[in-house]
Amino acid sequence: VRQVYSLNTSGVPYRMYLLADLPEIDASRHRLFLFLNCYRFSAAERAAVAALRRNGNLLVFLHAPDAAGTGDSAAAVSAITGIRVQKLSGNGRLGAVVTAPDHPLLAKTAGDLARVAGRNWPLFGVVDADAVALARYPDNDGVSVAYKSFADHQVVFAKVVRDRTVTP
C-alpha cells in the first residue's frame, strides 16, 4: 500500500485497477501504466499488456512481474517487460543506487529511488544491451532499474522495494 501514498502525494491524477480488470478497461485514454507487484499474469492479461505497447505508452513494471507464473522466472520477467533479465546468484537486498542521475526519468528524484530493503529477495539483473541502466543493487553491480525505448512504446523495469522503515 505504500506505493499508493506516493501516488496520492504526487500531484498527478491516476486510476487504480486490478490486473484482472486490464483486459476489460478502455486503456486508450491513459499513457502510463504502473504494474505494482504483479507476480502472475493470465493469458488474457498478457494479451492486454501486449495491446498497451503502442502510441508511445510508458509501461513500468515493479519488483518481479510474472515471476511466479512459470518455472523460469527470469524468462517470464523478460517476456512480460521486453527487457532481458537474468536471475542473479543467491538472494540479497533490493534497492536502487542511481547510476544515471541525469536521465530524464530520474529528474527531481534527488537520487532517491528506493531505500535499501533489509530483506532476502531473489534478484534479477538487467542484461539487455538495448536498455539504459538507471540504478544498480546496493550489494552488487547488477542493474536493478532500467529503461528501454521501443519503436511504439517505452518500458521501465525496477526490481526495487520502497521501504520507509529502513534508512539508506
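The numbers here are math on the coordinates, done by the rules we state, and not lab data. Computed from a prediction, not measured in an experiment: that's the story for all the values here. Using ideal geometry, Cβ is built from the backbone for each residue, glycine included, and neighbour counts are taken over all protein chains shown.
Structure notes:
- Per-pair calculated FRET efficiency, R0 = 30 Å: Ala151 and Ala43 via Cβ, rounded to 0.05: 0.75
- Estimated [θ] at 222 nm from DSSP helical runs (n ≥ 4, -39500 (n - 2.57)) normalised by residues in the chain, nearest 500: -4000 deg cm²/dmol
- About its Cα centre, the stretch 49-110 has a charge dipole of approximately 80 debye under the convention of +1 per Lys or Arg Cβ and -1 per Asp or Glu Cβ, with nothing else charged.
- Packing-based ranking of 22-28, 72-78 yields 72-78, 22-28, ordered from highest to lowest mean Cβ neighbour count within 10 Å.
- Convex hull of Cα atoms in the chain, direction-averaged projection (nm²): 9.7 nm²
- Spin-label model distance (nm) - Glu24 vs Asn140, 7 Å beyond Cα toward Cβ: 4.1 nm
- Within-14-Å neighbourhood charge of Ala151 [Cβ basis; K, R +1; D, E -1]: +1
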